[in-house]
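Engineer: Mind having a look at this structure? Questions to follow.
Read-outs throughout are calculated quantities, based only on the coordinates presented, and are distinct from any laboratory measurement. Just so you know, these numbers come straight off a predicted model, no measurement behind them. Counting neighbours? That spans all protein chains shown, and the Cβs are built from the backbone with ideal geometry, glycine included.
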Amino acid sequence: MTDTTTQTTDLTTLVDTYLDAWNERDADRRAELVSRAWAEEGQLADPPLTGSGHAGISDVAAAMHQQFPDHRFERTSGVDEHHGFLRFGWNLVGPDGTVATNGIDVGVVGEDGRLARIVGFFGDLPAREAA
């Protein structure tokens, strides 16, 4: 039987390392964080951009810093996991504390315990259409 407390703690650390990579402005330090959080062939898909592999994922983070200078991602929920899938909520926060956008990331954990795939969704869920 798997110890879910240890697994959740490990996944929380993994997600926090992933977000630390997003927030890192120094390219060398960001590359190191990306390699700790992501599998070699990891794939990231966000609404505006996609990235593959460590360099591609780091490039997407660098593009975010260009578009949103001095903003940072903050995790807004615990990390929910089952069967190798995870999800968590986040805010993109400006230097004055204003939330520029929020969202949820859904991911797959690879066999090596690092992220294999993350799909990001921005904003709140859309309202249900009328029946």
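Engineer: Please report Rg over Rh for segment 4-122, where both radii come from the alpha carbon positions and Rh follows the Kirkwood definition.
Structural biologist: Working: Rg = 13.3 Å, Rh = 14.1 Å.
Radius of gyration over Kirkwood radius for segment 4-122 works out to 0.94.
Engineer: State, as an integer percentage, the relative contact order of the chain based on alpha-carbon contacts under 8 Å between residues 6 or more apart. Can you show the working numbers first?
Structural biologist: Details: 226 pairs, mean separation 27.9, N = 131.
Over the chain, the number comes to 21 percent.
Engineer: Give me the number: length gained by fully extending Asp16 to Val106, i.e. 0.36 nm times residue separation minus the C-alpha to C-alpha distance, one decimal in nm. If you can, show how the numbers build up before the last one.
Structural biologist: Numbers: separation 90, 0.36 × 90 = 32.40 nm, distance 1.41 nm.
Computed gain between Asp16 and Val106 is 31.0 nm.
Engineer: How do Leu125, Leu115 line up, fewest other C-beta atoms within 10 Å first?
Structural biologist: Details: Leu125 7, Leu115 25.
Least to most surrounded, the residues fall as Leu125, Leu115.
Engineer: Going 7 Å from the Cα of Ala45 along its beta-carbon direction, which residues of segment 84-102 have the amide nitrogen within less than 11 Å of the resulting point?
Structural biologist: Counting backbone N atoms under 11 Å from the label point, the list is empty.
Engineer: Looking only at GluC sites (Glu not before Pro) in DSSP loops with at most 14 other Cβ atoms within 10 Å, what is the longest site-free stretch of the chain? Walk me through the numbers before you get to the answer.
Structural biologist: Values: sites that count: Glu111, Glu129.
Value returned for the longest uninterrupted segment is 1-110.
Engineer: May I pose another question? Going by a ≥ b ≥ c, the root eigenvalues of the Cα gyration tensor, does segment 35-89 fall in the rounded group (a/c under 1.5), the prolate group (a/b larger than b/c) or the oblate group? Before the final figure, lay out each step's value.
Structural biologist: Values: a/c = 2.13, a/b = 1.23, b/c = 1.74.
Oblate, because a/c is 1.5 or more while a/b does not exceed b/c.
Engineer: Another one. As an exercise, identify the trypsin sites (Lys or Arg not before Pro) in segment 23-59 lying in DSSP coil whose Cβ has no more than 15 other Cβ atoms within 10 Å.
Structural biologist: Details: sites: Arg25, Arg29, Arg30, Arg36; in loops: Arg25.
Sites meeting the loop and neighbour criteria: Arg25.
Engineer: Another one. Using only DSSP helix segments of four residues or longer, with each worth -39500 (n - 2.57), what per-residue ellipticity at 222 nm results for the chain after dividing by its residue count and rounding to 500? Write down the numbers at each step before the final one.
Structural biologist: Numbers: 3 runs with 46 residues, N = 131.
Taking each H run of at least 4 residues, the total per residue is -11500 deg cm²/dmol.
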